[in-house]
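K.L.:
Supplied in structure tokens, the structure appears directly below.
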Amino acid sequence: MTLAAERWPAFAEPAAGQRRFGALVAYRLELTKLSRLIQVRTIAALSIIGPFLAVAVLHVQSATPGDTAFGQWVHTSGFAIPMVVLGFGAQWVGPVLTAVVAGDIFSSEDRFGTWKTILTRSRTRGQLFVGKYLAALTFALALMLLLTGTDL
């Protein structure tokens, strides 16, 4: 009688290195998949171009946006514009785009039918989840750094 681990390597205990670095392998794979998505590249380009478009719209507008922080000083001082753009980006744009991309990280496995393949590999479910979570967190941080970099 043969053991399941002998017939199917997925049932075998992971090696010591795989146990320790499995989440990092999943993280690296998720970052590679994210970098190839056109939607992520488009979001990165819009986060670079977006603040300049916001400045153009604020310049054309005669009314001041009074409902945002520093909005009343937009037409008075140029120093208020980055604060308005960052405030709006941090409150609305960043969380919405991060939720869309993070949801796509998990739902793409279901859409392409790859859950069966992924869950039978040598990584645990926890390692896969941590890798996907870290990829979404990295995307959120990169988005905010891009947005902040264009406002300086």
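Please treat every number below as a calculation from the coordinates, not as lab data. It should be emphasised that the depicted structure is a prediction, and the values quoted were computed from it without experimental measurement. Cβ sites come from the backbone with ideal geometry, for glycine too, and all protein chains shown count toward neighbours.
K.L.:
Using the Karplus curve 6.51 cos²θ - 1.76 cosθ + 1.60 with θ = phi - 60°, work out ³J(HN,Hα) for each residue of the stretch 136-148 in order, rounded to whole Hz, and write x for Gly and Pro.
P.N.:
Going residue by residue, I get 5, 5, 4, 4, 4, 5, 5, 5, 5, 5, 5, 5, 5 Hz, with x marking Gly and Pro.
K.L.:
Sticking with this structure for a sec: Can you tell which of Gly94, Leu145, Gly131 lies farthest toward the positive end of the dipole of the stretch 93-152, using +1 and -1 charges on the Cβ of basic and acidic side chains (Lys, Arg; Asp, Glu)?
P.N.:
Positive-most Cα among the choices belongs to Gly131.
K.L.:
State the answer as a single residue: which of Leu58, Gln72, Ile38 lies farthest towards the positive end of the charge dipole of the stretch 20-109, with beta carbon charges of +1 for Lys and Arg and -1 for Asp and Glu, about the Cα centre.
P.N.:
Value computed over the given set: Ile38.
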